[in-house]
Amino acid sequence: MNQRLYPRRLVALHLRVYDQQSGALLGRIGDISEGGLLLYGSRTLETGVLYTLRIDFPSDEGASQELTIKAKAMWSGPDLNPAFIATGLRFFDLENPEHLGALQLLLSHLTIGRDDLEEG
């Protein structure tokens, strides 16, 4: 049974996700919701660890915009495609209006799926 609070949304672009502290590329977003994201990368992430993620994405005007958000790795392991490792990350610290606003902008403009995003 699926226990998700928010439906998953596919991203229209291959958005890269970086570790904010080290600058290392962690992978690309597979899908995203108001609660977290699915990451496809080349290595397993340690579960239970709280990461500070940076996601670069284009604004409506085409300029680069950045979302920095905390997320905990809930699970990580081989994907069906053996070239990738899949990791489920849950967002934390969404009470920060700047983080929430950037996430809502990303969800409303760069994903394929629901149009009825709830206002937090």
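Listing for the model above:
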item: Gyration tensor (alpha-carbon) shape descriptor, the chain, a/c threshold 1.5; result: rounded
item: Relative contact order %, the chain, counting alpha carbon pairs below 8 Å whose residues are six or more apart; result: 25
item: Cβ crowding within 10 Å averaged over residues, with 74-80, 31-37, 90-96 ranked highest first; result: 31-37, 90-96, 74-80
item: Degrees separating the helix 97-110 axis from the principal Cα axis of the chain, which is the longest one; result: 90
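No value in this document is a laboratory result; all are computed from the given coordinates. Just so we're clear, the structure is a prediction, and the values are computed from it rather than from any experiment. Every residue, glycine as well, gets a Cβ built from its backbone with ideal geometry; the counts of neighbours run over all protein chains shown.
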